[in-house]
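Here is the structure we will look at, set down as structure tokens.
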């Protein structure tokens, strides 16, 4: 095979529609833009313009606030942890920390830490060490005979 023999697969590249090239093209004369008006002309950017009336996005009040330095936690539910223990992906004999959760495939990435929530049931006595946890999750793990240690104070809710 040589360079001049290279071709795209059939149908991979479509020919560009040539607009405004005569009546035989099917897109001649007005070029599919209709007759007159702002949209028929070039250089039009209308997005959100309401004909001089104050646009809706400007009429509505601003609400809320996004904290620029907020913490993003990877959230894990107790039910999922139990599911992974049952599947043998998490070893209960060893203490389970954030790296073990990532290695098991339960969490993809740590972000600012892993936070455990109490959704679902846990029956295994597991020793967890994570960045954050809800009080209900701590109680549920203790009830199952395990322990849940929080390394840093959980983010304010």
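FYI, it's all coordinate maths here, none of it is from the lab. All values reported here derive from a predicted model rather than from experimental measurement. Cβ sites come from the backbone with ideal geometry, for glycine too, and all protein chains shown count toward neighbours.
Of 62, 110, the sequence from fewest to most neighbouring Cβ atoms within 10 angstrom is 62, 110.
Placing dummy labels 7 Å off each Cα toward the beta-carbon, the span from residue 86 to residue 54 is 5.7 nm. Here is how the number arises for the chain: DSSP H runs of 4 or more residues each give -39500 (n - 2.57), the sum is divided by the residue count, and the result at 222 nm is -4500 deg cm²/dmol. Residue order for 50, 98, 5, fewest other beta carbons within 10 angstrom first, comes to 5, 50, 98. Using 0.36 nm per residue and subtracting the Cα-Cα separation, the extra length available between residue 99 and residue 44 on full extension is 14.5 nm.
With r defined as the distance between the Cβ atoms of residue 110 and residue 143 and R0 fixed at 30 Å, what FRET efficiency is calculated, to the nearest 0.05? The calculated FRET efficiency here is 0.65. Nearest 5 is fine: what % of DSSP beta bridges in the chain come out antiparallel, could you say? Among the beta bridges of the chain, antiparallel pairing accounts for roughly 15 percent.
Distance from the Cα centre of region 1-26 to that of region 89-110, in angstrom? Region 1-26 and region 89-110 have Cα centres spaced 53 Å from each other. In units of the compact-protein estimate 2.2 N^0.38 Å, region 74-150 shows a Cα radius of gyration of 0.94. For the pair residue 121 and residue 70, label points projected 7 Å from Cα toward Cβ lie 3.4 nm apart. Relative to the current alpha-carbon distance between residue 18 and residue 4, full extension at 0.36 nm per residue lengthens the span by 2.4 nm.
Could you give log10 I(q)/I(0) at q = 0.14, 0.18, 0.25 Å⁻¹ for region 1-67, computed by the Debye formula over C-alpha point scatterers of equal weight, without solvent? For region 1-67, the Cα-only Debye profile gives -0.76, -0.88, -1.12. Under 8 Å for C-alpha pairs, at least 6 residues apart: give me the relative contact order for region 14-157, rounded to a whole percent. Result for region 14-157 is 17 percent.
Going from the fewest other Cβ atoms within 10 Å to the most, the residues 27, 2 appear in the order 2, 27.
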